[in-house]
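All remarks here apply to the structure that follows.
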Amino acid sequence: MSKKNQQQGSRGGSIGSEEVNVVKLLVSYLRYWHIFAVSFVVAIVLATLYINYATPEYLITSTLLLKDDDKGADFSRNAVYSDLENYKFSNNLDNEIEVIKSKSLMMSVLTDLSLFTSCYESDGLFRNKELYGYNLPVDIKIIEVKSDDFYKLKDVFVYLKDSSAFDLEMNGSRYSFDFGKPISAAGGVFSIHKNDEWTSMESIVSPRKLMISFHNPEVLVDQYAQKLMVEAVNIKASTININFKSNVPDKGKDVVNELISQYRQEAIEDKNAIAANTIQFIDERLEYLTAELSQVEKGVEDYKRRYDITDMSSESSQYLKNTSAYREQLRELATQIDVLESIENYLLKKPDEFEMVPSSLNIEDATLLSLITKYNDLQIERSRLLRTAQPSNPLIKNINEQSENLRANIIENLRNIKNSILISQRNLQASSNQNQSKVHQVPLIERELLEINRQQSIKQEHYLYLLKKREESALSLAATTFSNSRIIDGARASQKPVSPRKMVIFLAAAILGIGFPFVFVFGTIALNDKIGSKEDIASATDVAVLGEITHASKDEMKSILHKSRAPITEQFRLVRSNLFYAIGAQKKVLLITSSINAEGKTFFSLNLAASMCMAGKKVVVLEFDLRKPALLNSIGLTQTSGIADYLLDANLPLDSIIRDSELSPSLKVIGCGKTPENPAELMMSDKVAGLITELKTRFDYVIIDSAPVGLVADSYAFTGVVDAAIYLIKYNYTKKRYFETINEIQHHNKFGHLMLAVNNVAKTTSDGFGYGYESV
């Protein structure tokens, strides 16, 4: 039979195994074509409904140029302004993008535009259109919010009747109100006003129905922030694109324009804060120096009047010339010490306040300048965070800690610089004292006068220096009224909606419409544990297959004799031929069994017997399924005395239980008879072998329709009695695990020659273990 199997397996011609698998795969999927069709149509219909009823969104775009403070020629970057180190800024593009995207900035935008309320009007079935600007008949103003329940108001409707009043439907009740009157609701108070830009109020014939919604500010900010996208154009330019999606183009443009305006205003305020703080510090110092300078000048006046001094002695001119250099250096060092002490006193005077530290003025120390710059930057960041956060916020506490550390570092650095200058001053003073010894002949009065003049000069220089810096700070404050950015392209809305995208949605629907049934079919095939093809049988066992029988209805069960050219008749002829070739003429007893019920044992037994009768053979079919007999009923005969009665009654003659069948004169049947209570024990009776032996002498073939071996062990009683066994397999019904039973039967040779027959083959199948035919 192995040779025969090879021949049957080669009927695919030259088609390779890979191509056969592809065809099989396609056929297995095409079997579910109706699922693919329905799924595809449903997906396209749902996509169409979504496109028709989804709210369209438009893309609002704008382009902003961030100016580089180190380049350009505007007034804020002139020579005087550039000397103020603490006013130099460099715009970090990524930082500015994050500022624009910040929720605090968006909150300011929504507050200024009063966007925490929305008004809608029906725009067809299941869709509402938002009204905005000149299309909005009314303005809704929130007066007071007492609790978050106010934002949970649903189904609030406004019915416009005329120019003076309207009806409000809320919580299922309808009320009448005048425009502008406060309306109390759950957790809040609001009012509705006529929109002065809307001029169609007088033309209302019937009440116009509007729906209003109240938005939680925190939730709305998050929603708008998600729709906002800010990105750099390229790495070589300080230009950013601002993109925002909105279902109302005018509303989206207002949001983007206001966002840019708020951002530019905040940038100006940040710079002005530093300039204003420095001016305040200089004003305090000027007031103090003015009093000191007046006191010194009055002392000079009193000294000269007391000693009646009008001119210096010409004899001291040479000595003064020699010491002028020392005095000049001492004045510079004294000025620096005074400045350092001023800054130190300023920091020590306000240890618990976080104010901007003024510039180090004429102290050229890189470390000190860096510390002051970092300290001022932290104060700017702290001021910005305090707009939206509490002082207990961890970020603000972190900045406070950093500020305290920087304040301590600045004071320590100031003292170190001061000590260094004091050492230089002492050394210089020692040199000056040596030179002063040469002028001991100069009258004491002249020397004291010079000391007074020196103090006056120091105070005057300090005063003039601060006065100059104050003017520079005032100029910088005026210059920062110009923004650090320039609008290249204002907010513009796209001409067509960018969402929903029809082609993408239809493509996704098509993919899902095919993908879902594909996954379903794939899972169905992958999880199927039933025999569905000849490859499944070939991979599970090497038992020979006699042939395949197509699915037959009850009306076709007798067609084998009435339609000799019917497809099913030809299939049983092929099975008969293969059977005769396989078992030879000497083997007469055939056992027909299967794994479980409803696999077609009785149908196969009767039709195989009828096919043998057509070949001139005398055949008897035994209904040995003593538990669920079905043989006689399938051919329209009633149960009388049968096998069970014969085995139990020793006096019952064999001829009394052999009955004629309508299928063929040479075909006899023996029914089960009365269903026994102990079929397993009855099958072990010695009379079973005697019955079979007797029937072999009367008939050419004895066919036993037995119980399924996969459910009960009754059929094993025929071991050693039957010559061959045909094991029925039903496509898409018999489970693969039953092949373990088939292989075990073959391995132990329990039924002699074991063969397989396949039932329930699709009628359109033309490739199998046997020939295929079209229906006739």
(request) Could you please let me know if Ser499 is closer than 17 Å to Leu49 by Cβ, open to solvent by 20 Å² or more (accessible area, probe 1.4 Å) and either polar (S, T, N, Q) or touching a Pro at 6+ places or on another chain (Cβ under 7 Å) (or both)? (result) yes
(message) Given (1) of a type in the set (Lys, Arg); (2) surrounded by 15 or more Cβ atoms within 10 Å (Cβ to Cβ); (3) closer than 30 Å to Ser533 by Cβ, identify the lone condition not met by Arg737.
(response) (2)
(request) Would you point out the residue of segment 325-345, among those that are among the hydroxyl-bearing types (Ser, Thr, Tyr) and either at pLDDT 75 or above or loosely packed, with under 15 Cβ neighbours inside 10 Å (or both), that is farthest from Leu406 (Cα to Cα)? (result) Thr335
(request) Select, from Asp283, Asp270, the only residue that is under 30 Å from Ile372 (Cα atoms) and open to solvent by less than 40 Å² (accessible area, probe 1.4 Å). (result) Asp270
(request) Would you tally the residues in segment 51-86 being at pLDDT 85 or above and either more than 30 Å from Glu472 (Cβ to Cβ) or surrounded by fewer than 15 Cβ atoms within 10 Å (Cβ to Cβ) (or both)? (result) 8
(message) Contact list please: Cβ distance under 9 Å, first residue in segment 38-61 and within 21 Å of Val498 (Cα to Cα), second residue open to solvent by 40 Å² or more (accessible area, probe 1.4 Å) and of a type in the set (Val, Ile, Thr), pairs at least six apart or on different chains.
(response) Pro56/Val498; Glu57/Val498; Tyr58/Val498; Leu59/Val498
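The values are calculated or read from the model by the stated rules, or taken from the named source; none is laboratory data. The model shown is predicted, which means the values in this text are computed figures rather than measured ones. Neighbour counts run over all protein chains shown; Cβ positions are idealised from the backbone, glycine included. Protein only, heavy atoms only, side chains kept; ligands, DNA and RNA dropped before computing areas. Shrake-Rupley method; radii C 1.70, N 1.55, O 1.52, S 1.80 Å.
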